[in-house]
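Okay, structure first, notes after.
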Amino acid sequence: MAALEEEFTLSAVPLGAGPDGLLGVEQCDKTDQFLITDGGRTVILYKVSDQKPLGSWSVKQGQVITCPAVCNFQTGEYIVVHDSKVLRLWTNEDVNLDKVFKATLSAEVYRIHSIPGTEPLVLFKEGAVRGLEALLAEPQQKIETVISDEEVIKWTKFFMVFRHPALIFITEKHGNYFAYVQKFNSSVLSKYTLLLGQEENFVIQSFTASLDRKFISLLSLSSDGCIYETLIPIHPSDPEKNQQPRVVRSLLLKTVVSGNARNALSVLDQDHVAVLGPPLPASKECLSIWNTKFQTLQVSKELPQGTSGQLWYYGEHLFMLHGKILTVIPYKCEMSSLAGALGKLKHGQDSGTQTMPHFVNWETSQGYGLESKNSEPSKRILRRRTIEPSVQPEVPASQQLLSIIKKDSEKHIEIELRKFLATKRTPDFHTVIGDIAIGLLERCKTEPSFYPRNSLMQLIQMHVLSYSLCPGLMEVALEKTDIQMLQLCLQQFPDIPEAVTCACLKMFLSDAVQDEKMEEQMGILQNGFNPEEDNCDNCDKELSKKPQKTVEETTSCPVIPKRAALLNAVLHSAYSESFLLPHLKDIPAQHITLFLQYLYFLYLKCNENATMTLPGIHPPTLNQIMDWICLLLDANFTVLVMIPEAKSLLLSLYKFVKSQICICSELNKIEVSFRELKKLNQEKNNRELYSIEVLELF
Amino acid sequence: MGEFKVHRVRFFNYVPSGIRCVAYNNQSNRLAVSRTDGTVEIYNLSANYFQEKFFPGHESRATEALCWAKGQRLFSAGLNGEIIEYDLQALDIKYSMDAFGGPIWSMAASPSGSQLLVGCEDGSVKLFQINPDKIQFERNFDRQKSRILSLSWHPSGTHIAAGSIDYISVFDIKSGSAVHKMLVDRQYMGVSKRKCIIWGVAFLSDGTVISVDSAGKVQFWDSATGTLVKTHLVANADVQSIAVSDQEDSFVVGTAEGTVFHFQLVSVTSNSSEKQWVRTKPFQHHTHDVRTVAHSPTALISGGTDTHLVIRPLMEKVEVKNYDAALRKITFPHRRLISCSKKRQLLLFQFSHHLDLWRLGSTVATGGKTSGKFLVPGKHGDTLPLSKDADHLLQLKTKVSKMPACLRSAVQIMFSEDSTKLFVASNQGSLHILRLLEGSFKHLHTFQAQSGTVESMCLLAVSPDGNWLAASGTSAGVHVYSVKRLKLHCTVPAYNFPVTALAIAPKTNNLVIAHSDQQIFEYSIPDKQYTEWSRAIQKQGFHHHWLQRDTPITHIGFHPKRPAHILLHDAYMFCIIDKSLPLPNDKTLLYNPLPPTNESDVIRRRTAHAFKISKKYKPLLFMDLLDEGTLVAVERPLDDIIAQLPPPIKKKKFGT
């Protein structure tokens, strides 16, 4: 699971960043040291772990650094270009940039690239590339023009492909994008035209690239807020052909940021990308980590002071300008494992409840994504305000529904939604449902009065939603104290974060759960739903009924039946202990006591029959009860010891544990006696060492 | 078939010795096992795990280490400070050599097989060169301050790891000096134990050293830096043994609690190249200490104080479901330890250092119904009242001192039926015939070994008329000699699997041969060819349940009156084959434990087949027909053996 750690700033003084932010952050030959080039005249060398600068160099007044300083990993020297053509080389010992080695070149430099293991490369604005050594040997050599007029280099990256350096750069001309791949082992320059698909009116805001085995995977963030992937072959299949090969980009992630701001993108590893930008048009900028494989948001961090829309990633650190201050956020992505991903699974569904496709079929999801770009555009779900529905002659039902969601009344949405859900399911059904839910939630956020409860309930009951498909849903429900909805979510979603589970638990234990309110909501529920297609409602009711039964049997149930039903939903939810424990500490002690009392009550109930189970459909299991008792005690023991109400409960739990220990020791004693008996018995048998018997063979 | 009076004997007080070492030889797929009494056994894993060779032990030669070197050469070393090489052909000790380092605790052959290392009580590690005829001392390594309990070579042969008390040393072979000394934590579950004994080490080709110790730890060390990499706490008691597979992708450890743990090198996540050692499977096939383990390509082999040799196949490595796919627990020797005098109703039990002679008891019960001519007093399952209990007559411990040279070492001896001749299989492949006179004997003849072989004959059979002698070694075929004419009569065609039992039938002089793959052949000595019946059963094939038995036939007997009957037994069943009845095919039931109820004679006759099996007596060490209506069965219940073992480590069953 990816995680962003506590951020820290590198410089207390604001950098002299221009309107375009920093020029660059580059690695140094020593680990943990980075060269920061600001937009003006200064290059600073930072040691990141110490958060302090090790050195700072500036060019003379009047001169302007035009390309980020880099470190030559082979010699340890630093290289910078100022005034587009003047190359400066210096080392840590040099103080004044004016007095260091200087070389004036014949053409304007776009960037210098340097990565460990090879000599630095200089990329000229006209697209020509030179090795640094060759260039320094003859600085005034003629530099050829590679790209056409009006073609401008937008982005570039330098790789090692099987120990051979390769450079990729992207150019733009009149809204068309071209990719050039220069390989130095064969000196082949391959040019590709980037086909943008249907979204040609969008500008590409940011690029990032990573190496696959046979391809350079170029990710681009468009101004529509989506991330696209383009695979550029490292080894061009047919270099003889003069024809420019075209590469198509495919949608990787949809609408991760709002497209209108300055956004940035950086690939972290095979499956993770970091995106910088506001997730919604109105919101503050955020740094988010997305898993591209599962298309889920892993973690997000708000950056309220705004950024320059630039993002660098080296090793474990993400660099960005937060406000005017250079900020480093350490990023960690643990090895993803099944256990880590799932935590404790939801307990097996009982036969009474339907089997629901909890897990989205990613194959169809990705297939769908590709299809949408390569074939008809009409299949795409467009939900940006900039696109008018009239542009598309044939608008899919889901899109119509989305536009209805944006404008119409709750009642109308509900009717339309029911119509839509009655239609046949497409392979991408779950994503469509997710989009609809997100659409509804977006409107909830912008319009505080808008809360399409029934529609949301209906969507949840389609059994295809999960927490990650509509991240805001439970938060909204928590905000509105919509207990019924939360219960439904707890029953339906397989992937609720522990923090949210705990928030639900907190609410269920608080005074928010009252009889009248519940009754009222049940009424709404009954009105709003068609009982035939809504079988979960039934199980829901069963669940509410079950504790009532137990109440009839014993009078000591510490909570009202409604609350018991809600708590049972929490008991069934999936969790990982280590993530749940810190949140459990936040629950007030009185509530913890109440919950423990309830769990103890359930435990006693379990002990009433031989199979150690509770009556009713889908009851919590003994293991779940014991796990939760242990968790609660672990998290809150010191607090519980202090409060008098919990005293009797703790005493009874203590007595219980004591009696268990007693039983074990008694059993051990009995075992010894039994062994002695067995030995005696054996000796008796042994006496028959010799006998004469009759045997008949058939 | 008939009714029998069965003398059910359980007083054979045989207790196998605990297993001390096992050594697996990949080249020949053989397993050498040494026991605490110094006995060494060789099992042929390709021949249905048959124990094909056996070197008797002696208290003074307790083995502590056993290893194969130079392909097929077997060495052992023990607390008497000697290194012993075994002659696998002559079944004898080739030579023994004192290492002059006090008791030897460990031994390891170099990966190339040309050098031998021993770890001694005085803390020295000694390197020996293995020459074709002998071993030669080469050098001492830097002496350590306490005994060297375990040794392991790096697969490249440049370094070794040596486990001592509280630390592991890594030696450089060239210089002979310790490169690293890795101290092992004495702490055990927070309690400081007195000492931490490194019971086993394994050196992997990537430089990792795995150690197992008396604190219950399995630890991984980096030999380049001498640092601890990882610890697995696997037991509350000692971990006493370790063995690594040739591929170095799995290893096995054995603990004093009787548990064997399998560790495997598995990928951290699917399709990632990063791998780590994971404890995958625990096996509890032993009740006592697992003193030694071995890792064959397809199985985990373990042995210990509870005397069982356990072969646990790795199911993922076994391709076809056959013998190799079944768990094997070998407890009893694949040899006959009992012989019987039919006329005098005496039983002779063979122990490692003495012989016991017993006389069977008798019953006066008479009457009942007739079975053929014989009167059986009682019905199936009855226990008859004893008129006389069995007597322990003698215990023979002393050996005759003056023996001719040819009799000093014998692999097998046998008397002729009329007790006038003694046949001796010597350890040089030759067979001697002696005439027994009152109080002395006379050497009559020696059949020399076949040219070029020195393989000892370990099974003998003599015909009741005294004319024929059959002898079999472990690999070559069965030779039949004419005692009258004193020459080789014929050789039975060689078969792939070793012979487990031999016998010559009275009157017909048919030689019955049982092989370790459960095949049985009947060979007519006068005609020098297989009999009709043998051909018929080979043509039809044995019943699959017969072939699936996992203990070898150890004895073959005949009915004195009915020449068509052959009696055979293994450890779990005995069978009387009636050659006159039709052979069973795979559709018929081979063994039916239930007596026929009210079926008509017709049905009984139709379903009757040649194999009459009883599994009533087990584990069965010996069974024979005393006369036409009396059987003797010698059982050795496992519980009786367990009762004589030291108590195992007590484990709590309830509570933790």
Relative contact order in percent for chain B (Cα pairs under 8 Å, 6+ apart) equals 9 percent
Heavy-atom accessible area of B:Tyr591, protein chains in place, probe 1.4 angstrom, given in Å² to nearest 10, is 70 Å²
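Using the per-residue mean of other Cβ atoms lying within 10 Å as a proxy for protection, in what order, highest first, do the peptides B:240-250, A:434-444 fall? Intermediate values should be presented prior to the final figure.
Details: B:240-250: 18.5, A:434-444: 21.3.
Final packing ranking: A:434-444, B:240-250.
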In this structure, the FRET efficiency calculated for A:Ala3 and A:Thr145 from their beta-carbon separation, with R0 = 60 Å, to the nearest 0.05, is 0.80
With all protein chains in place and a 1.4 Å probe, B:Met107 shows an accessible area in Å² (nearest 10) of 20 Å²
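Over all residues in B:611-623, what is the mean tally of Cβ atoms on other chains that come within 10 Å of each residue's Cβ? Provide the component values of the computation, followed by the final result.
On the way: counts 0, 2, 2, 4, 0, 3, 2, 0, 0, 0, 0, 0, 0.
For this peptide, the per-residue mean of nearby foreign Cβ atoms is 1.
Of the lysine pairs in region A:397-471, how many meet both conditions: Cα atoms under 21 Å apart, and a spacing of 8 or more in sequence or different chains?
Summing the qualifying lysine pairs gives 6.
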Sorted by accessible surface (1.4 Å probe, heavy atoms of the protein chains only), largest first, A:Lys191, A:Lys585 come out as A:Lys585, A:Lys191
For A:Lys658, counting only lysines whose alpha-carbon sits under 21 Å away and dropping same-chain residues fewer than eight positions off, the answer is A:Lys605, A:Lys647, A:Lys669, B:Lys652, B:Lys653
Expected unfolding gain across B:Ala643-B:Ser175 under the 0.36 nm per residue rule, minus the alpha-carbon gap, is 163.4 nm
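What is the packing order of peptides A:490-499, B:519-528, B:31-40, taking the mean over residues of other C-beta atoms within 10 Å and listing the highest first? Intermediate results must be reported in sequence, preceding the final value.
On the way: A:490-499: 19.9, B:519-528: 17.8, B:31-40: 22.8.
For the peptides A:490-499, B:519-528, B:31-40, the packing ranking is B:31-40, A:490-499, B:519-528.
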Between the alpha carbon centres of region B:417-459 and region B:517-551 the gap in Å comes to 29 Å
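So what is the 222 nm mean residue ellipticity for the protein assembly as shown from helices alone, if each DSSP H run of at least 4 adds -39500 (n - 2.57) and you divide by all residues, rounding to the nearest 500 deg cm²/dmol?
Details: 21 runs with 263 residues, N = 1354.
Theoretical 222 nm ellipticity from helices: -6000 deg cm²/dmol.
Counting alpha carbon pairs within less than 8 Å and at least 6 residues apart, what relative contact order, in whole percent, applies to region A:397-471? Walk me through the numbers on the way to the answer.
Working: 47 pairs, mean separation 28.3, N = 75.
With pairs under 8 Å counted, the relative contact order is 38 percent.
On full extension of the chain, what length is gained from B:Ile413 through B:Leu393, given 0.36 nm per residue of separation minus the C-alpha to C-alpha distance? Write down the numbers at each step before the final one.
Values: separation 20, 0.36 × 20 = 7.20 nm, distance 2.18 nm.
In short, 5.0 nm is gained.
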The size of the Cβ-based charge dipole (Lys, Arg +1; Asp, Glu -1) of the protein assembly as shown about the Cα centre, to the nearest 20 debye, is 5180 debye
With all protein chains present and a 1.4 Å probe, the order of B:Asp222, A:Asp482 from largest accessible area down is B:Asp222, A:Asp482
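Counting only other chains, what is the mean number of Cβ atoms within 10 angstrom of the Cβ of each residue in peptide B:2-11? Please report the intermediate quantities before stating the final value.
On the way: counts 4, 4, 5, 4, 5, 4, 7, 4, 7, 3.
Average neighbour count from other chains, rounded to a whole number: 5.
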Taking A:124-132, A:97-105 and ranking on average Cβ neighbours within 10 Å, highest first, one gets A:124-132, A:97-105
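What FRET efficiency do you get for B:Gln548 and B:His443 if R0 is 51 Å and r is their Cβ-Cβ distance, rounded to the nearest 0.05?
E between B:Gln548 and B:His443, to the nearest 0.05, is 0.65.
Could you sort B:Arg8, A:Arg418 by their accessible area in this structure, using a 1.4 Å probe and putting the largest first?
Working: B:Arg8 30, A:Arg418 105 Å².
Largest accessible area first, the residues go A:Arg418, B:Arg8.
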Given the candidates A:Phe450, A:Gly434, A:Leu421, the one whose Cα lies deepest towards the positive end of the charge dipole of region A:397-471, counting +1 at each Lys or Arg C-beta and -1 at each Asp or Glu C-beta, is A:Leu421
In nm, the gap between the two label points placed 7 Å beyond Cα toward Cβ at A:Val152 and A:Glu666 is 8.7 nm
So, with points 7 Å from each Cα along the Cβ direction, the A:Asp408-A:Ala589 label distance in nm works out to 5.5 nm
On the accessible surface of region A:608-698, probed at 1.4 Å with all protein chains in place, carbon and sulfur together account for a percent value of 65 percent
Partner lysines whose C-alpha sits under 18 Å from that of B:Lys5, ignoring same-chain residues fewer than 8 away, are B:Lys342, B:Lys343, B:Lys369, B:Lys373, B:Lys379, B:Lys388, B:Lys561, B:Lys612, B:Lys615, B:Lys616, B:Lys618
Restricting to lysines and to Cα separations under 30 Å from A:Lys60, and discarding same-chain partners fewer than 8 apart, the set is A:Lys30, A:Lys47, A:Lys52, A:Lys85, A:Lys99, A:Lys102, A:Lys125, A:Lys142, A:Lys154, A:Lys157, A:Lys324
Once all protein chains are kept in place, B:His380 shows an accessible area at probe 1.4 Å, nearest 10 Å², of 80 Å²
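Please give the FRET efficiency for B:Asn26 paired with B:Tyr495, using the beta carbon to beta carbon distance and R0 = 22 Å, rounded to the nearest 0.05.
Efficiency computed from Cβ-Cβ geometry: 0.35.
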Rounded to the nearest Å, the spacing of the alpha-carbon centers of region A:570-617 and region A:40-107 is 63 Å
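The values are calculated or read from the model by the stated rules, or taken from the named source; none is laboratory data. Computed from a predicted model, the values in this text were never measured in an experiment. Cβ atoms come from the backbone with ideal geometry, glycine included; neighbour counts cover every protein chain shown. Only protein heavy atoms, including side chains, enter the accessible area calculation; ligands, DNA and RNA are left aside. Shrake-Rupley method; radii C 1.70, N 1.55, O 1.52, S 1.80 Å.
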